[in-house]
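Written below as structure tokens is the structure these notes are about.
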Amino acid sequence: MSNQTVNTNTKRWALLAASLGLAYVLVRHRQSIWGVLGRSPFQLQHKRIEVISSVNESQRILNELKSHCESFKVIGFDCEWITVGGTRRPVALLQLSSHKGLCALFRLCCMKQIPKDLRELLEDDAVLKVGVAPQDDAMKLSHDYGVGVASTFDLRYMAVMAGHQAEGLGKLSQTHLNTALDKNWRLACSNWEAPQLDSAQLNYAANDALAAVAIFQKLSKDLEPRTFWDWRAPKFEQLRPKLEPFLDVDFTKGFVSGLGKTLSTGTPTHPLTSKSKHKRNKKHQQSQQQQPQQQQIRNLGTQSKAFYDNCVLEAPDGELLCTIDRRKASWYLNQNLGTQVSEQPFTVRLNFEPAGRAVGDVGRYYQTPKENQCVVCGRRDAYIRKNVVPREYRKHFPVVMKSHTSHDILLLCPSCHQLSNISDNKIRNKLAMTCEAPFGHGEGVSKYHDDQQLRNVKLAGKALLMQSDRMPSQKVAQLQKTILDYYTDVTEITPELLQKAAKLDCRVANEDYCQHGKKVVQVYRDKLGGLVELERLWREHFLHTMQPKFLPKLWNVNHNANRLEVRASEGRIDNEDLVVAGLESVISVKNIARS
């Protein structure tokens, strides 16, 4: 063999070895490599900004935006406004961006109205409007211009679903796009109603909306992981069902609901400010609420041991009544109400005739053994009890509808439990509007509120007690006047009066207070078809949003209505309870049974 042949073979083997080595490195470290590639800077310079200041200018750009939405039904969504003298003015600028880099800046302060085609795009529920806290912007547009914004989606939900931190838009952009957004407060608080917006303002406004779409695209890949060599983008049609439960749901209510009062850092001191101050306040609020939020998650009561013991309870003649837990079975034995007839399964036979026996599918449901697993995903190592009909409503039901509620207590793993609880807020908000029952942080939610006059008197008393010697005489006189204006029967400031003012209770009863759950139950009971309709609403919502694959056999959205009908046929329910439930038609059946 010649030296040339040897050299050629040697090169071939070397090339083959190098190729195999490269392939090994790619496969072995594919996640790290993909992460580096995924963090390549997002090219914001490839954007195209269009400024629209009149209705006539909007048609061409809106047609182009709509054409982009035909292939990818997601647009970046953001708004800018100014605050003058502590009062927010109407939204001045609306930003909408497509995945193709087009960003339309609608100067609503110049247009004075929402063009018809723009209204149609905003109200199109097939197109997602993505951003951070887009529900807040949507509410302002609704208030200022009477337009509804459908299918808003907070990117923080998507980040959590993909296993990332829920952060503000700037940090999400830095983390997932490797791109820093300019969040200088002077620019954010600039005059968005100026006759002409400068280039810095245009870039600031456009980049927020463009980054929102890019973040959505990046997180969608994390939600739908693919093999290293599969570069195809996830299909939006496959992704949308996962996002559906969180559309139009406020992220702060979804994750921080019930964690106490929202903190306030006060009003801006600058005479001309914008929403950036509001965003900084919300960021401070979220950081303050982070600790109790973590505490709440730790107290969820996750179980790893079996929840269903599937012990058997029999009638005196041996007929199967239902399955029960071991503790309940032992209670019958300890009370001498039954005898044990079997160990496997643990079986107790009653020594008295029960009030009723298993009838139809309702009875068979309670006879069927239940699996200890998440009814959504099938996970078996950890689960939490989920009240399909939340307790805030159920506790106001009549006793006959509060007993035997195990049908509506299902097992979910911690992840599915959290997602289900978040999606519940969408129904709560709808119920709040339908039944005029405030939910969240709106008016009428708190039983007490601070009276501003009393608060001013209290603050004045504290300030004069602690810092009067360091205050200008004019400020001291102003605070003293505040106190004397309240205590009209006093003419002189004394240490005792200051102590009394400093300890003043600022809380007063809220005349508009309404307990959300109680009001909803009352409205359904009196006007909306009875409480079985409210139960059906929550059960159908659970089925639609969570799409459980492992529900117990015979689980039914009409379960309680069927159960009450059985009791009515046996003469074991009052007419009043049937009316409250919304089953007036069953009363005649009950009367026939009695006759």
Q: Please specify each residue of the stretch 185-223 satisfying the condition of being farther than 26 Å from residue 65 by Cα and without any contact (Cβ under 8 Å) to a residue 12 or more places away in the chain.
A: 186
Q: Please find, among 364, 357, the residue that is part of a loop (DSSP other than H, G, I, E, B), touching a residue at least 12 places away in the same chain (Cβ under 8 Å), open to solvent by 30 Å² or more (accessible area, probe 1.4 Å) and of a type in the set (D, E, K, R).
A: 357
Q: Would you check which residues across the stretch 69-112 are without any contact (Cβ under 8 Å) to a residue 40 or more places away in the chain and in contact with a Pro (Cβ under 8 Å, 6 or more places away or on another chain) and list them?
A: 108
Q: Please tell me if residue 136 is open to solvent by 50 Å² or more (accessible area, probe 1.4 Å), within 24 Å of the chain's Cα centre (by Cα), of a type outside the set (A, V, I, L, M, F, W, C) and closer than 16 Å to residue 249 by Cβ.
A: no
Q. In this structure, does residue 476 turn out to be more than 30 Å from the chain's Cα centre (by Cα), of a type in the set (A, V, I, L, M) and surrounded by 13 or more Cβ atoms within 10 Å (Cβ to Cβ)?
A. yes
Q) Does the stretch 543-575 hold any residues that are part of a helix (DSSP H, G or I), within 19 Å of residue 402 (Cα to Cα) and not aliphatic (A, V, I, L, M), and which are they? A) 559, 560, 562, 563, 565, 567, 575
Q) If residue 207 passes every condition in (1) in contact with an Asp or Glu (Cβ under 9 Å, 6 or more places away or on another chain); (2) of a type outside the set (Ser, Thr, Tyr); (3) surrounded by fewer than 18 Cβ atoms within 10 Å (Cβ to Cβ); (4) part of a helix (DSSP H, G or I) but one, which one does it miss? A) (3)
Q.
Could you check the stretch 474-511 and list, in sequence order, the residues that are in contact with an Asp or Glu (Cβ under 7 Å, 6 or more places away or on another chain) and of a type outside the set (A, V, I, L, M)?
A. 506, 507
(Q) Need the failing condition index for residue 414 against (1) modelled with pLDDT of 90 or more; (2) open to solvent by less than 70 Å² (accessible area, probe 1.4 Å); (3) not small (Gly, Ala, Ser), just the number. (A) (1)
Q. Does residue 518 fit the bill of being within 17 Å of residue 389 (Cα to Cα) and assigned to a helix (DSSP H, G or I)?
A. yes
Q. Among (1) open to solvent by less than 50 Å² (accessible area, probe 1.4 Å); (2) of a type in the set (A, V, I, L, M); (3) touching a helix residue (DSSP H, G or I) at 6+ places or on another chain (Cβ under 8 Å), where does residue 324 come up short?
A. (3)
Q.
Scan the stretch 139-162 and tell me whether some residue there is more than 20 Å from the chain's Cα centre (by Cα) and touching a residue at least 60 places away in the same chain (Cβ under 8 Å).
A. yes
Q) So residue 395 fits all but one of (1) modelled with pLDDT under 85; (2) under 23 Å from the mean Cα position of the chain (by Cα); what number is the exception? A) (1)
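The values are calculated or read from the model by the stated rules, or taken from the named source; none is laboratory data. These numbers come from a predicted model, not from an experiment. FYI the Cβ positions are ideal-geometry reconstructions off the backbone, even for glycines, and counts take in every protein chain you see. Note: areas computed on protein heavy atoms with side chains; ligands, DNA, RNA excluded. Shrake-Rupley method; radii C 1.70, N 1.55, O 1.52, S 1.80 Å.
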